[in-house]
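J.: Quick one: the structure is below, questions incoming.
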Amino acid sequence: MPFETLVAGCLAYVVLMFGVAFAADRAAARGRVRWLDHPLIYTLSLSVYCSAWTFYGAVGYASRSGLEFATIYLGPTVVFAGAWWGLRRLVRVARMHHVTSIADLISARFGKSNPLAALITLIAVIAATPYIALQLQSVRLSFEVFATDDAPDAALNGVAGGTGLWVAAGLALFTILFGTRNLAADERHHGVVTAIALEALVKLLAFLALGIFVVWGLADGPADMLARIARATDDPVIAEGWLLKPDRWTALILVAAAAVVTLPRMFQVMVVEAADEDRLHVAGWAFPAYLFAMSLFVLPIAVMGRELLPADANPDLFVLTLPAASGQNLLAFLVFLGGFSAATSMVVVCAIALATMISNHWIVPFWLGLRRRPAGEDTEDLRGFVLNARRLAILAVVGAGWVYHEASGGAAALAAMGLVAFTGMAQVLPVMLGGLMWRGANRQGAYAGFGIGFALWMLLIFLPSVGIGKVPELPQGVDPLAFSIFVALTLNTVAFITVSIFGLPDPVERLQGLSFVSAVEPIRHSRMMRGDDRAEPLLAMTRRVWGADAALRFFQAEAAAQGKSGYLPDMTPNFLTRLERRLAGSIGAATAHAMIDRVAGGVALTVSDLLEVADEAQRAKEETQRLENATSELARTATQLREANDKLTALSVQKDAFLGQISHELRTPMTSVRAFSEILMTPDLSEEERARFAGIIHAEAGRLTRLLDDLLDLSVLESGGTQLQLGVANLHDLIDRALDAASATRPERVFTIDRDLPSEHVAVITDADRLLQVLINVVSNARKYCDAARPVLGIRVRRLHPGGAQIDIFDNGAGIEAGRQALIFEKFARLNDPSRAGGAGLGLAICREIMAVLGGDIAYLPGQGGAAFRITLPARPPGGTLRGTLPGQE
Amino acid sequence: MPDRPLFLERASFRRRRLGDAARVLPVIAVLSVLVPVWWMPREVSFASGAVWLFCLWAAMILAVWLLHRALLRAEAATLRAEAEVADAAGVARATQEERSERNGDAL
C-alpha cells in the first residue's frame, strides 16, 4: 500500500472522528441525548481500557509470556462480574457528589481536602506521561511498518519520524475542541464519548478480522491452531516463558482489577460520563464480552507470527506485519486504523481526565490562593480561566508524553510502561475502597496509606523501569514485579487502616464519610450564615464559574423552589449544599467548598454542629413519622367525611320522598273537600244529602287538621325544640287513661284487656302527657289493626334496675311480617290500606321521636304471637329537670 | 385474595437471593481463575490451558448476563407485584365500602 494512500486514509479517518464528535455534540446541545445515552455507547466507550499497549502489545506479550497476557483482561472481567452491587454503587455515589475525577472522589470523601487530591493528581500524571508516550510510539512504529515497506526514501522517513509530533498535535487539538467546550455542572462530553465508541468498534472489527484471517486463512481452523500452539510450546525456551507463575498471575489480575476503576481515563468514561448507574446492567456483561473478543485471537496471532515471520521481527507489531507479509494490504490498513483508534482514544480520554485533575486540583486552587482578595471583589471570569487552564493542561499532558517519547527514544523502555501506570494507579485502590465502605477511614489514614504506596511504587516499580535504581535481590523463584506489587499494596493498606484507627476525622469528613458509605444524600448542616445579603455575591461568584445564563437559571430555579420570585434564594443550608455540590461538578469539591465558605462566610464546622446534625436527622425522622401519622389521620377523616356525605345524600333523598308523600296525604282529603263543596253548590239538593255531604267535608277537614297537627308535632320533636313538662307519674294511672282515650277508636270492637294490675304501680319521672300520647297511639293501633276474631290486648309493666320501666303492649292479631317491622316507625309507613286505617301514618314516627326525647325507646317485639311493642323508660329523662325549675317555664 | 401478598413475598425474596448471587459471583470468578494456576500451573499454561481459560471466561460472561437479566426481571416483577397488591387492596377497600353502604341502606 502506497504511503500516501495510508496517510490520506488516516486523515480521512481523523476527519470522520471530528465529524462524529461534532455531530454528537450538536445533537446533545439540541437535547437529543437518547441514543447518545444508550448503554451500548457507554459499554463501547469503556473499551478505552484497550489502549495501543494492549492492541499491539498483547500479541507481543503473549508471544513472550503465553497466557499471562490475559491477566490484563481478566481483572476487569472479575470487577464487572460484581458490577451489580459494586460499580453501581460507585457510580451512584460519584454522581450524587458530582465528582469530576478519581482525585476529586477521594478528596470529597476525605473532608474535601485539596492536598490529597493534588497528591493523587501527581501520581496520575507521573504514571500517565510514559503511557501516553507509549501510545505515540505505537502510532509511529505502525507508520514505520508501512513507510519502510513501500517508501524507503529519506523524505518519507522524515515524515514518519515526525509522526509523533503530528499525532500529538492533532490529538491535543481534538481534545481541546471537544473536551473543553463547556464547564457544565455535570462533566459530560457527548462528542468525545461517541467518537470513542466508534473507535472501539473499529478496534474490535480490525482485531476480529485479523484473528479470523489468521485462524481460518493462514491456519486450518481452531483444531489446527491448537495443534500449532502445542507444537510451538514444545520449544523449551518458549515453554519456560509461557509457564504461568502463580504469584505474577495473581498480582497482575489484582492490578488490572484495580486499574479498571482507578485509571483516570477509566474513571472518566465509567463514572464521570455515565448518566446514571443503570447502564452498568448492560456493561456488566457486554464489557467483559468485548475484552473476551479482543483477546480470543491474541494467542493464534502470536504463534502464527512466530511461525511465519523472520525471527528478528518485533512481536509487538505482528498484528501489522502478519497481514502485510501475507499481501493482505486492506486488512493491514484496517488493523492500522484499529491500532490508531486505540492509541488516539486513550490519549484523548486520558488527557481530558488529567487536565480536569490538574486544573481543578493544581491550577485553580493555586490561582485562588494567590489572588486572595476580600470576598465579593473578585470579578474576573473564572469560567474562562478554568477552561483555559484545562486547555493548557491538555497541551501539557500530551506535550509531556511527546517529550518523553522523543527523549526515551528506545522501544524497550516504553513497553513496560503500561504495567507501571497500572500499578501506580492501583495504589489509590485501598483508599478508595476504604473510603466507600468504611466510615472510620480518615484523611490521615489516606495520606499515610497513599503516601507509602506512592513511595514504594516510585522506588520499586517506576524508577527501576526508567533505569534508576533497582529492585533489591530476591530469593530464587520470587517474581520482582509481583513482589513489588504485593509489598506496595499491602503496606499501603496496613498504613491506611492503622492510621485511620488512631486518627480522628474532622466533622466535615465525618459528614462526607457517612454520605459516601451509606450512599445517601449528604446531610445538610446548618452553617452559621452572615445573612441574606450574601445571595448576591454568591450569584456573582457562581456566574464567574458557569457564565451568566447558567448561574441565573440555577438561582432562579432555587428561588422558585423556595417559593420566591426573582433570582435571589434564601441562604438556607439546603440551598448552599446543593450549590456547592453543583459547583463541585465544575471545579472539584475542595475548591467549591473553599469558594462558598469564603463568599457565604461559613464558620468552621465543629463536633457540636455534628451532634446537632444528628439531632436534626433524628428530628427529621420524627417529623416523617408525624407526617405519616397525619396522613393516616387524614385518610380516616376523609372516610368519615365520605360516610357523612353518604348519609346526608340519603337524608336528602328521604326528605324529597317525605315531601312527596306529604303532598299526597294533604291532597286526598283536600280533593274530597273540594269535590263535595262543589256538589253542595248545586241548587237542587235534598236537605238530607246536603247534611251528608257537609258531614263528609267536616270529617275530611278534621283529618286534614289532625295530619297538620301531627306534622307540626313531629317537626317540633325532630328539631329538638320540645319543652318537657317533667313530673312524677304513676304508670298505672297513665295506662288507665290511655285505655279510656283509645276506646274511642273503633268503639264497635270489644277487646279483652289482659293486665297485671299490682305490677303497674311504678313511679317514673317523665313528661306524663307525652308518654300518654305514646300509649294512646300504641293502644289505638292495636284496636285498629288487630284482626283476631276475639281480640285480646295485653299490657305488662316491669320495673328496671337501676331505674326506669318497661311497658309491653301486645295483641293477638296477625302481627307485622318480618320484612316490614323495620319500616313501621318511618313516616307515612302505613302498612295496610289507608282507607281502612284512617290515619296519616305518622303515629309511630311521632312515638319514636317522643321516646327519644324522653330518653327512652320504643321497639317492635317480634315473635309474640301478634303485634307487640316495648316502651322503655329511663328513671328520668336525660338533662331534664323537674317542673317549675326550668327557666322560661310557664 | 390471600395468595396475592404471597406473590409479593416470593418476588422480593427471589430478588434478594439473586442479589446474594451477584455478590458471590465475583468471588467465584476470582477463585476459578486463580486456584487452577496455583494448583497445577503446568497444565493450564499451554494449548489446553488456553481452551480452559477461554471456556471459563465465556461461562463467566454468560453467568453475568443471565444473572443481570434475572435481576432486572426480578426487579420488574417486584414492582409489578407491589402495584398489583396495591390494586388488590384498593379493590378490597372498595368492596368493603360498598358492603357497608348497603348495610347502611338497610338500616
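J.: Answer yes if at least one residue in the stretch A:648-656 is over 60 Å from the mean Cα position of the chain (by Cα) and surrounded by 11 or more Cβ atoms within 10 Å (Cβ to Cβ), and no otherwise.
T.: Kept after step one, since they are over 60 Å from the mean Cα position of the chain (by Cα), are these residues of the stretch A:648-656: none.
Looking through the stretch A:648-656, none of the residues is over 60 Å from the mean Cα position of the chain (by Cα) and surrounded by 11 or more Cβ atoms within 10 Å (Cβ to Cβ).
J.: Can we say A:Leu757 is open to solvent by 80 Å² or more (accessible area, probe 1.4 Å) and under 30 Å from A:Val792 (Cα atoms)? Even if it seems obvious, please write down each step before you answer.
T.: Values: open to solvent by 80 Å² or more (accessible area, probe 1.4 Å): yes; under 30 Å from A:Val792 (Cα atoms): yes.
Yes, satisfied.
J.: Shifting gears a bit: Looking only at the stretch A:291-303, decide whether some residue is away from chain B (no Cβ under 14 Å), open to solvent by less than 30 Å² (accessible area, probe 1.4 Å) and within 30 Å of B:Leu67 (Cβ to Cβ). Walk me through how you get there before you give the answer.
T.: The first filter runs over the stretch A:291-303 and keeps only residues away from chain B (no Cβ under 14 Å), leaving none.
Looking for residues that are away from chain B (no Cβ under 14 Å), open to solvent by less than 30 Å² (accessible area, probe 1.4 Å) and within 30 Å of B:Leu67 (Cβ to Cβ), one finds none in the stretch A:291-303, hence no.
J.: Another question, then. Against the condition away from every other protein chain (no Cβ under 14 Å), over 30 Å from A:Asp769 (Cβ atoms) and not β-branched (Val, Ile, Thr), how does A:Glu700 come out, does it pass?
T.: Values: away from every other protein chain (no Cβ under 14 Å): yes; over 30 Å from A:Asp769 (Cβ atoms): no; not β-branched (Val, Ile, Thr): yes.
No, not satisfied.
J.: What are the residues in the stretch A:22-70 that are within 21 Å of A:Leu198 (Cα to Cα) and among the hydroxyl-bearing types (Ser, Thr, Tyr), if any?
T.: Result: A:Tyr42, A:Thr43, A:Ser45, A:Ser47, A:Tyr49, A:Ser51, A:Thr54, A:Tyr56.
J.: Here is a follow-up. Could you say which residue among A:Glu273, A:Glu277 is open to solvent by 10 Å² or more (accessible area, probe 1.4 Å), within 30 Å of the chain's Cα centre (by Cα) and within 14 Å of chain B (Cβ to nearest Cβ)? First the steps, then the outcome.
T.: On the way: A:Glu273 fails: within 14 Å of chain B (Cβ to nearest Cβ).
Answer to the check: A:Glu277.
J.: What tally of residues in the stretch A:548-576 results from selecting those that are surrounded by fewer than 18 Cβ atoms within 10 Å (Cβ to Cβ), out of contact with any helix residue (DSSP H, G or I) (no Cβ under 8 Å at 6 or more places or on another chain) and not in a loop (DSSP other than H, G, I, E, B)?
T.: 9
J.: Continuing with the same structure: Report whether or not A:Thr682 is over 21 Å from A:Glu849 (Cβ atoms), within 60 Å of the chain's Cα centre (by Cα), β-branched (Val, Ile, Thr) and open to solvent by less than 70 Å² (accessible area, probe 1.4 Å). Break it down into steps so the answer makes sense when it comes.
T.: Numbers: over 21 Å from A:Glu849 (Cβ atoms): yes; within 60 Å of the chain's Cα centre (by Cα): no; β-branched (Val, Ile, Thr): yes; open to solvent by less than 70 Å² (accessible area, probe 1.4 Å): yes.
No.
J.: Please specify each residue of the stretch A:443-495 satisfying the condition of being surrounded by 17 or more Cβ atoms within 10 Å (Cβ to Cβ), under 22 Å from A:Glu68 (Cα atoms) and not hydrophobic (A, V, I, L, M, F, W, C).
T.: A:Pro464, A:Ser465, A:Asp479, A:Ser484
J.: Another one. Which residues, counting only those in the stretch A:82-96, are open to solvent by 10 Å² or more (accessible area, probe 1.4 Å) and at the interface with chain B (Cβ under 9 Å from one of its Cβ atoms)?
T.: Those that are open to solvent by 10 Å² or more (accessible area, probe 1.4 Å) and at the interface with chain B (Cβ under 9 Å from one of its Cβ atoms): A:Trp84, A:Trp85, A:Gly86.
J.: For A:Asp224, indicate whether it is open to solvent by less than 40 Å² (accessible area, probe 1.4 Å), assigned to a helix (DSSP H, G or I) and more than 10 Å from every other protein chain (Cβ to nearest Cβ).
T.: Details: open to solvent by less than 40 Å² (accessible area, probe 1.4 Å): yes; assigned to a helix (DSSP H, G or I): yes; more than 10 Å from every other protein chain (Cβ to nearest Cβ): yes.
Yes, satisfied.
J.: Is it the case, given these coordinates, that A:Ala70 is closer than 21 Å to A:Ala353 by Cα and surrounded by 19 or more Cβ atoms within 10 Å (Cβ to Cβ)? Even if it seems obvious, please write down each step before you answer.
T.: Working: closer than 21 Å to A:Ala353 by Cα: no; surrounded by 19 or more Cβ atoms within 10 Å (Cβ to Cβ): yes.
The answer is no for A:Ala70.
Yes/no matrix, rows are residues, columns are (1) assigned to a helix (DSSP H, G or I); (2) among the small types (Gly, Ala, Ser); (3) open to solvent by 30 Å² or more (accessible area, probe 1.4 Å):
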{"position": "A:Leu6", "(1), (2), (3)": "yes, no, no"}
{"position": "A:Gly9", "(1), (2), (3)": "yes, yes, no"}
{"position": "A:Phe18", "(1), (2), (3)": "yes, no, yes"}
{"position": "A:Leu36", "(1), (2), (3)": "no, no, no"}
{"position": "A:Thr43", "(1), (2), (3)": "yes, no, no"}
{"position": "A:Gly66", "(1), (2), (3)": "yes, yes, no"}
{"position": "A:Phe80", "(1), (2), (3)": "yes, no, no"}
{"position": "A:His98", "(1), (2), (3)": "no, no, yes"}
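J.: Let me ask another. If a residue must be farther than 13 Å from A:Asp754 by Cβ and either touching a Leu at 6+ places or on another chain (Cβ under 7 Å) or free of Cβ contacts under 8 Å to residues at least 40 places away in the same chain (or both), how many such residues does the stretch A:781-798 contain?
T.: Qualifying residue count for the region: 3.
J.: Among the residues of the stretch A:234-245, is there at least one that is closer than 30 Å to A:Arg188 by Cα and in a helix (DSSP H, G or I)?
T.: Taking the stretch A:234-245 as the starting set, the residues that turn out to be closer than 30 Å to A:Arg188 by Cα are none.
No, the stretch A:234-245 contains no residue that is closer than 30 Å to A:Arg188 by Cα and in a helix (DSSP H, G or I).
J.: Can you find a residue that is assigned to a loop (DSSP other than H, G, I, E, B) and in the same structural domain as A:Glu826 (by TED's automatic domain parsing) anywhere in the stretch A:770-782?
T.: no
J.: Another question, if that's okay. List, please: which pairs have Cβ atoms under 8 Å, are six or more places apart or on different chains, and start with a residue in the stretch B:50-71 that is more than 9 Å from chain A (Cβ to nearest Cβ) and end with one that is hydrophobic (A, V, I, L, M, F, W, C)?
T.: B:Trp52/B:Val44; B:Leu56/B:Val33; B:Ala70/B:Leu18
J.: Yes or no: the stretch A:84-100 includes at least one residue that is over 26 Å from A:Tyr42 (Cβ atoms) and either modelled with pLDDT under 85 or more than 37 Å from the chain's Cα centre (by Cα) (or both). I'd like the intermediate steps shown before the answer.
T.: Step one: of the stretch A:84-100, the residues over 26 Å from A:Tyr42 (Cβ atoms) are none.
Within the stretch A:84-100 (the criterion being over 26 Å from A:Tyr42 (Cβ atoms) and either modelled with pLDDT under 85 or more than 37 Å from the chain's Cα centre (by Cα) (or both)), the answer is no, since none of the residues qualifies.
J.: Output the residue which, of all residues in the stretch A:243-253 that are more than 9 Å from chain B (Cβ to nearest Cβ) and crowded, with 22+ Cβ neighbours inside 10 Å, is nearest to A:Pro76 (Cα to Cα).
T.: Filtering first and then ranking leaves A:Leu252.
J.: Regarding the stretch A:349-362, can at least one residue be identified that is under 39 Å from the mean Cα position of the chain (by Cα), open to solvent by 10 Å² or more (accessible area, probe 1.4 Å) and within 14 Å of chain B (Cβ to nearest Cβ)?
T.: The answer is no, given that none of the residues of the stretch A:349-362 is under 39 Å from the mean Cα position of the chain (by Cα), open to solvent by 10 Å² or more (accessible area, probe 1.4 Å) and within 14 Å of chain B (Cβ to nearest Cβ).
J.: Within the stretch A:254-270, is even one residue aliphatic (A, V, I, L, M), within 10 Å of another protein chain (Cβ to nearest Cβ) and without any contact (Cβ under 8 Å) to a residue 24 or more places away in the chain? Please lay out each step first, then the result.
T.: As a first pass, look at the stretch A:254-270 and keep what is aliphatic (A, V, I, L, M): A:254-261, A:263, A:266, A:269-270.
The next check asks that each one be within 10 Å of another protein chain (Cβ to nearest Cβ); those that pass are A:254, A:257.
Those left that are additionally without any contact (Cβ under 8 Å) to a residue 24 or more places away in the chain: none.
No, the stretch A:254-270 contains no residue that is aliphatic (A, V, I, L, M), within 10 Å of another protein chain (Cβ to nearest Cβ) and without any contact (Cβ under 8 Å) to a residue 24 or more places away in the chain.
J.: If you check every pair at least six apart or on different chains, which have Cβ atoms under 9 Å apart with a residue in the stretch B:15-43 that is more than 10 Å from chain A (Cβ to nearest Cβ) first and a residue that is of a type in the set (D, E, K, R) and open to solvent by 40 Å² or more (accessible area, probe 1.4 Å) second?
T.: What qualifies is B:Arg15/B:Glu75.
J.: Limited to the stretch A:693-742, what total is found for residues that are surrounded by 15 or more Cβ atoms within 10 Å (Cβ to Cβ) and assigned to a loop (DSSP other than H, G, I, E, B)?
T.: Qualifying residue count for the region: 3.
J.: Another question, if that's okay. Looking at (1) out of contact with any Leu (no Cβ under 7 Å at 6 or more places or on another chain); (2) touching a residue at least 24 places away in the same chain (Cβ under 8 Å), can you tell me which one A:Val202 breaks?
T.: Against the list (1) out of contact with any Leu (no Cβ under 7 Å at 6 or more places or on another chain); (2) touching a residue at least 24 places away in the same chain (Cβ under 8 Å), A:Val202 comes up short only on (1).
J.: Just checking, how many residues over the stretch A:760-779 are within 28 Å of A:Gly813 (Cα to Cα) and without any contact (Cβ under 8 Å) to a residue 40 or more places away in the chain?
T.: Within the stretch A:760-779, residues that are within 28 Å of A:Gly813 (Cα to Cα) and without any contact (Cβ under 8 Å) to a residue 40 or more places away in the chain number 4.
The values are calculated or read from the model by the stated rules, or taken from the named source; none is laboratory data. A quick note: this is a predicted structure, and the numbers were derived from the prediction, not measured. Here the Cβ is made from the backbone with ideal geometry for all residues, glycine too, and neighbour counts use every protein chain on show. Quick note on the areas: whole protein, heavy atoms, side chains included, nothing else; ligands and nucleic acids left out. Shrake-Rupley method; radii C 1.70, N 1.55, O 1.52, S 1.80 Å.
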